[in-house]
1. Ignoring any ligand, DNA or RNA, what whole percent of the accessible area of the chain comes from carbon and sulfur when the probe is 1.4 angstrom?
2. Just the number: Rg to Rh for the range 134-184, Cα atoms, Kirkwood Rh, two decimals.
3. To the nearest 500 deg cm²/dmol, what mean residue ellipticity at 222 nm is calculated for the chain from DSSP H runs of n ≥ 4 alone, each contributing -39,500 (n - 2.57), summed and divided by the residues?
4. Quick one: putting +1 on the C-beta of Lys and Arg, -1 on the C-beta of Asp and Glu, what dipole do you get for the chain around its Cα centre, in Debye to the nearest 20?
5. Averaging over all projection directions, find the projected area of the Cα convex hull of the range 8-48 and quote it in nm² with one decimal place.
6. Tell me the per residue accessible area of the chain using a 1.4 Å probe; a whole number in Å² is fine.
7. With Rg and the Kirkwood Rh both taken from Cα atoms, where does Rg over Rh land for the chain?
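The values are calculated or read from the model by the stated rules, or taken from the named source; none is laboratory data. Values in this document were obtained by computation on a predicted structure and should not be read as measured data. Cβ placement follows ideal geometry from the backbone for every residue including glycine, while neighbour counts extend to all protein chains displayed. SASA here: full protein model, heavy atoms, side chains in, ligands and nucleic acids out. Shrake-Rupley method; radii C 1.70, N 1.55, O 1.52, S 1.80 Å.
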Amino acid sequence: MPTIQDIVTKAKQYLPHLNEERVFRAYAFAEKAHEGQTRFSGEPYIIHPLNVAFLLLDFHPDEDTIITALLHDVAEDTTRTLEDIEKAFGTEVRNLCWGLVKLSKVKSKLNDPQVENLRKLFLAMAKDFRVVLLKLCDRLHNMRTLEHVRPEKQQRIAQETLNIYAPIAARLGIYRLKSQLEDL
């Protein structure tokens, strides 16, 4: 499992002026917000945003996108709000988090004949490419840990990944992500 120090070290390789203090502060904010929450595996929830941020680093995101990866579930799954995020990290991070909240509302139905329309809706809702990349990395980590959820939910999430997420990664030319999503 990557640590916050691993994330900062890897990010500094391509972002030499990274504000490390701000990234550490985002991690502390997320860790406190998710305190007491666990994944289906029983592990502390903070493991998920750390993994998403680490996966994202392969695409050399900017500082705000790294911070958003650490905070991506805070507004949706904790008592902290988008306004709290904006106050602590600025409007750009708030807007990226808001974009992820909106995209999380896009759900497919198995064998939906309108699946192409769902993909278009997904891309249209994300006014910023960084939101789509964050969502793809979020889904990749969720797929890597899918064995911890009940079988019927595994089936639904896997089918949604094949119908929506893998084709979007392909459409965007991110074939490494597409392949990993399909394989999982």
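1. On the way: 4740 of 9100 Å².
It is 52 percent, rounded to a whole number.
2. 0.96
3. Details: 12 runs with 119 residues, N = 184.
Calculated mean residue ellipticity at 222 nm is -19000 deg cm²/dmol.
4. 540 debye
5. Details: hull surface 13.2 nm².
That works out to 3.3 nm², a quarter of the Cα hull's surface.
6. Accessible surface, normalised per residue, equals 49 Å².
7. Ratio of gyration radius to Kirkwood radius: 0.95.
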